Amino acid sequence: MNPVESLIIFSLIVASLTVIFLPRKGLLAKWKHTIRSTERVLIEDALKHLYDREYNQLGCTLQSIAGNLEINSDKATNLVERLEKLGLINSKDGKLSLTPKGRSYALRVIRVHRLWEKYLSEKTGVPEIDWHDKAEWKEHELTPEQADDLAASIGNPLFDPHGDPIPTSDGRIPRKEGVPLSSLKEGNAARIIHIEDEPKAVYAQLLALDLHLGSQIIMIENTRERIKFESDGDEKVLAPIFAANVTVKLFERKTDVQKNFITLSNLKVGEKGTVLKISNALRGQERRRLMDFGIVPGAEIAVEMKSPSGDPTAYLIRDAIIAFRKNQSDHIFIKK
Amino acid sequence: MNLVKSNCENCPVHNIDNLVKLGINMEHFDYVVALCGNPNTGKSTVFNALTGLRQHTGNWPGKTVVRAEGGFEYNEHKYKLVDLPGTYSLLSTSTDEEVARNFILFGQPDVTVIVVDATRLERNLNLVLQVLEITDRIIVCLNLIDEAKRNGIEIDERALSKELGVPVIPTAARQKEGIPNLLEYIDEVATGKYRCKPKRIKNKNPKLRKAVEVLSNEVLKIYPNLPNADWVALRLLEGDEDIIDAVKSGELGKLKKLGAVESTQEIILK
Amino acid sequence: MTNRNQILELANKFRWGLGGNLHDALMESIFKEASDIAHKVVITKNEKGAFSFDKKLDKIVTNRWTGFPIMFILLAIVFWLTVQGANYPSNVLSNLLVGELPHILKNFALSINLPHWVAGLFIDGGYLAMAWVISVMLPPMAIFFPLFTLLEDFGYLPRVAFNMDNLFRKAGAHGKQALTMSMGFGCNAAGVVAARIIDSPRERLIAIITNNFSLCNGRWPTQILIATIFIGGLVPAQIAGLVSAGAVVGVAVFGVFLSLVTSWGLSRTVLKGEASTFNLELPPYRPPRILQTLYTSLMDRTLIVLWRAVVFAFPAGLVIWLISNLTVGDVSLADYFINWTNPFALFIGLNGIILLAYVVAIPANEIVIPTILMLTVVHFGLTGVGAGAGVMFDTSSIDATKQLLEVGGWTVLTGVNLMIFTLLHNPCSTTLFTIYKETGSLKWTVFSAIYPIIMGFTLCFLVAQVWRIF
């Protein structure tokens, strides 16, 4: 074969393989997505949506279902009829509501969803932004028994990594708490208790700002155009519409507010500090390992040396020299 | 009680000749000794000093990954020595930690020797305190004492022993210093001549303390012989898969307080 | 049964009252206790502070200006000592095991009237492959690993990981991979085992899978030989040595580059979901115990080499002898395979003999060149060279090898592609076996085998096409 021809054929093969196997946008991924939309999945997604609206005290209509599930209104009508027949929902004047049976079903699905998100956050390296999508798959796959095993294996967690409560196996779930970040007044101090993971674009923006559950917020400026606040000592700016997706809880006592904390990465060689807390950005095995080395609140830590290439940095902690990377020391808060 | 006797390496009883290094040929043994500790504390060196094997040791955390076994004979008792993987903790659920934890808990060794780096005592105490919660037949082997001396670090081992409620034996395993003393205490603890009174941490949080109390009472109702019910209760609260399984399957019932002079048969680890 | 479940339910109920971070709280109270005890019992007397020597030494070996030079000089010394030191014992072993002993064994076989094929199969086949592997592998291993272990005992290696981590972090890997890679230059199987020092699951898998890109001891001789013949032959004789050495180093550096690129790719695609953590303890320096290290390291490695020679190389030798001697209607199995793969192999700039040599030499890269030489002689029916069908041999001089290969139709392209393919093909079976044992996963073992082959074929193909255009 002519070498030029063979090179052209080779590039064609590479190109077509890319089109097929590209993650998310590839043909294979799309095909997987379509075969996923079975009736069971549609029913469960609809129930979840209804529950979500109810929990947030919003009404639910046929249109909102169609919009949420990304199906046309004909299909949505069929789906709602089917749900009514199964005794999972009631419909009155176009307003839809869950029956007790439907609510318990919805909670079961939500339980798996949130457990799986917790599992991904604690036991795997899957990045935050992908948790929701993966849990959307998993929630339709597990039986209640499997869900209980999963819960046990990750220590029967109470909250998912976004701060949403995980329903118990008998369907109990605590009431919603907190207020949106956008409602804080200047000078208010609060702690983040929930970060909404949908829509994805908004969530990505919140992640980029390095906001985490447990972060301490002090409102600096709250206007219609922008919200400026301090999060764990760092100044940040958000559009109000984005800030509405973050739920916070006001501190009850003034003394709960931590002042002047800096990150470990701010210390220079030879300086010392006392650990205040480890941010929730560090989770799972990584967080546990840090604590194994004795990095817990109250621990003294000194900067020993920096790698000649700038990162990592070695610290003296409880008489041992341990090196951590900047993306870790950025999330350890200390006081000089 | 005299917690730590003076180094009596010249007394006839403690003659190193009493120790017959058996290598790996262990057919029958009277007691099982588990060896655990932080990575890079000279655990493998202690293992080699006791058994006469030449396992590879290195100045590098995390050399021993699989469980190594060896044996020795002392005072006419045959001992099986199990070298567990080095871990910083027993609570962080990595595979190594599970192996070590499950052996100490379910394997019920007659003695657990925790090798501790004398130059990094504070960090090492984390593991010691965790092991003290699980079993009550413990010896702390305060290793690398030569390195500590060289660097001007001195440790009051009597005070440490009093604090922990278990024998603390200073050693420099590379030079074989303190090994006879360690052997003597292994023998005393294994045969029940020495009774440890391990320190158990009091939980600061009153809610947690209450929960542990209630739960451990319930656990004791079903498994009355459990030596460490508080710890099991705490593990249940934290959601520890292995412990939950052990409660479910009833395997926890096999664990019991070790009697004064009682030999253990071979324990097969799952 | 119900009682047991009641306990678990009770525990779950209590969980709600206790809040989320039970583990954090527990660790805090344990360390509080640990710190109280330590303050009571530890007395520090040294006025300069503990470990002042360590601190001084660390200042030098992790210094911005001196850190890297010291590291490269130490590694260069280790490699130089290995290459120089292994030369003589390798020759002695080779003369003895490959040169003398087979004659003696053959004569002995004749004297007891052993059938011809039995002697051929077991002496020319199995034994010879075993002997070859031992004589090529044992001396460098016996020098390289003790040296490395001394550096390890001293406590220097974690500092290398500390210095190199930034580069590896960018590739999604762990700084300790610098060390597993260095070990891989000695033996990939040892490099894979060394990945145990990496405590993070994702980075450990990456280090295991990419270790094959470190050109191991068994592959260096092939590289050097081919570079001398084909690359060195392109330039004037005065600089031929320098250029061919440069080409070999170039291939090794290319391997390092590929292993970083592969690490980067793996950490962002298939291994994205594996848990990942980073921590690196820098232990105190300790005077190495030279004699004990030499002894244990030598014993360990020697045993590994012998085990590998017997378990893997011996059967390979049997196969090599069989395929060259078993015939199906006048054509030997080897010739069948060579003729069958030739169109594809020639198309990507290799040849069927090379492919066959790599298939039968999966157990040990050391025997690739002798197998190629033997197959060339047998396949082309050459007379006056070689030792017969199925008997591996080495020529007396590089020139002789060159002539032989040219008769086999080799060009500079074949040489270049063989160098690429030597770097990029499946790991030897010992390494694959070790990968399986270390990962416990058939999936990753298969992946580690297939991925470099695909890369090797693709790269050879591209080089061949571009070569033909110009």
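The values are calculated or read from the model by the stated rules, or taken from the named source; none is laboratory data. Everything numeric in this text was worked out from a predicted model, so none of it was measured. Positions of Cβ are generated from backbone atoms using ideal geometry, with glycine treated the same way; all protein chains shown enter the neighbour counts. Heavy atoms of the whole protein, side chains included, go into the accessibility calculation; ligands, DNA and RNA do not. Shrake-Rupley method; radii C 1.70, N 1.55, O 1.52, S 1.80 Å.
At-a-glance table
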{"read-out": "Residue within segment A:224-239 that is under 26 Å from A:L107 (Cβ atoms) and surrounded by fewer than 17 Cβ atoms within 10 Å (Cβ to Cβ) present", "value": "no"}
{"read-out": "Selection status of B:L105, surrounded by fewer than 24 Cβ atoms within 10 Å (Cβ to Cβ), part of a helix (DSSP H, G or I), touching a helix residue (DSSP H, G or I) at 6+ places or on another chain (Cβ under 6 Å) and modelled with pLDDT of 90 or more", "value": "no"}
{"read-out": "Filtered residues of segment A:184-219 (kept if over 23 Å from A:E128 (Cα atoms) and open to solvent by 60 Å² or more (accessible area, probe 1.4 Å))", "value": "A:K185, A:E186"}
{"read-out": "Residue tally, condition within 14 Å of chain B (Cβ to nearest Cβ) and not polar (S, T, N, Q), over segment C:288-317", "value": "12"}
{"read-out": "Residue match in segment B:97-109 (condition: in contact (Cβ under 8 Å) with a residue 60 or more places away in the chain and more than 20 Å from B:K80 (Cα to Cα))", "value": "yes"}
{"read-out": "Number of positions in segment A:79-99 that are exposed (fewer than 13 other Cβ atoms within 10 Å of the Cβ) and either over 22 Å from A:G171 (Cβ atoms) or not assigned by TED's automatic domain parsing to the domain that holds A:T34 (or both)", "value": "6"}
{"read-out": "Of all residues in segment A:300-336 being closer than 19 Å to B:N38 by Cα and either of a type in the set (F, W, Y) or part of a loop (DSSP other than H, G, I, E, B) (or both), the one that is farthest from the other protein chains (Cβ to nearest Cβ)", "value": "A:Y315"}
{"read-out": "In segment A:152-168, residue farthest from A:D52 (Cα to Cα) [restricted to those that are open to solvent by 20 Å² or more (accessible area, probe 1.4 Å) and touching a Lys or Arg at 6+ places or on another chain (Cβ under 7 Å)]", "value": "A:I154"}
{"read-out": "Matching option when the condition is surrounded by 18 or more Cβ atoms within 10 Å (Cβ to Cβ), free of Cβ contacts under 8 Å to residues at least 40 places away in the same chain and part of a helix (DSSP H, G or I), among C:L405, C:L356, C:L418, C:L375", "value": "C:L356"}
{"read-out": "Residue that is modelled with the highest pLDDT [pool: residues in segment C:46-75 that are assigned to a loop (DSSP other than H, G, I, E, B) and within 14 Å of chain B (Cβ to nearest Cβ)]", "value": "C:F51"}
{"read-out": "Whichever residue in segment C:5-38 is among the basic types (K, R) and open to solvent by 60 Å² or more (accessible area, probe 1.4 Å) and, among such residues, is farthest from B:V166 (Cα to Cα)", "value": "C:K13"}
{"read-out": "Test set (1) modelled with pLDDT of 90 or more; (2) under 24 Å from A:D210 (Cα atoms) - A:N260 fails condition number", "value": "(1)"}
{"read-out": "Selected residue (only one of C:V98, C:V78, C:V83 is away from chain B (no Cβ under 14 Å), open to solvent by 90 Å² or more (accessible area, probe 1.4 Å), touching a residue at least 24 places away in the same chain (Cβ under 8 Å) and more than 21 Å from B:D117 (Cα to Cα))", "value": "C:V83"}
{"read-out": "Segments classed as helices (runs of 4 or more DSSP H), wholly inside segment B:197-256, with at least 2 members that are facing another protein chain (nearest Cβ under 7 Å), open to solvent by 20 Å² or more (accessible area, probe 1.4 Å) and of a type outside the set (D, E)", "value": "B:206-222"}
{"read-out": "Failed item, numbered, when C:G390 is tested on (1) over 23 Å from C:F457 (Cβ atoms); (2) open to solvent by 20 Å² or more (accessible area, probe 1.4 Å)", "value": "(2)"}
{"read-out": "Candidates C:L138, C:L205, C:L167, C:L121 - the one that is under 25 Å from C:I70 (Cβ atoms), assigned to a helix (DSSP H, G or I) and either open to solvent by 10 Å² or more (accessible area, probe 1.4 Å) or at pLDDT 95 or above (or both)", "value": "C:L167"}
{"read-out": "Residue list for segment C:1-45, filter: more than 7 Å from chain B (Cβ to nearest Cβ) and not in a helix (DSSP H, G or I)", "value": "C:M1, C:G19, C:G20, C:N21"}
{"read-out": "Exclusive hit being within 14 Å of chain B (Cβ to nearest Cβ), free of Cβ contacts under 8 Å to residues at least 40 places away in the same chain and within 30 Å of A:N327 (Cβ to Cβ), set A:L211, A:L115, A:L150", "value": "A:L150"}
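Per-residue answers, yes or no, for (1) under 26 Å from C:F433 (Cα atoms); (2) in a helix (DSSP H, G or I); (3) open to solvent by 10 Å² or more (accessible area, probe 1.4 Å); (4) among the hydrophobic types (A, V, I, L, M, F, W, C):
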position: C:V160; (1), (2), (3), (4): no, yes, yes, yes
position: C:N163; (1), (2), (3), (4): no, yes, no, no
position: C:G172; (1), (2), (3), (4): yes, no, yes, no
position: C:T180; (1), (2), (3), (4): yes, yes, no, no
position: C:M183; (1), (2), (3), (4): yes, yes, yes, yes
position: C:V192; (1), (2), (3), (4): yes, yes, no, yes
position: C:R196; (1), (2), (3), (4): yes, yes, yes, no
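Residue-wise test of (1) of a type in the set (A, V, I, L, M); (2) outside any helix (DSSP H, G or I); (3) without any contact (Cβ under 8 Å) to a residue 40 or more places away in the chain.
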| position | (1), (2), (3) |
| --- | --- |
| C:N212 | no, no, no |
| C:C216 | no, yes, no |
| C:P221 | no, no, no |
| C:T228 | no, no, no |
| C:S244 | no, no, yes |
| C:V249 | yes, no, yes |
| C:A252 | yes, no, no |
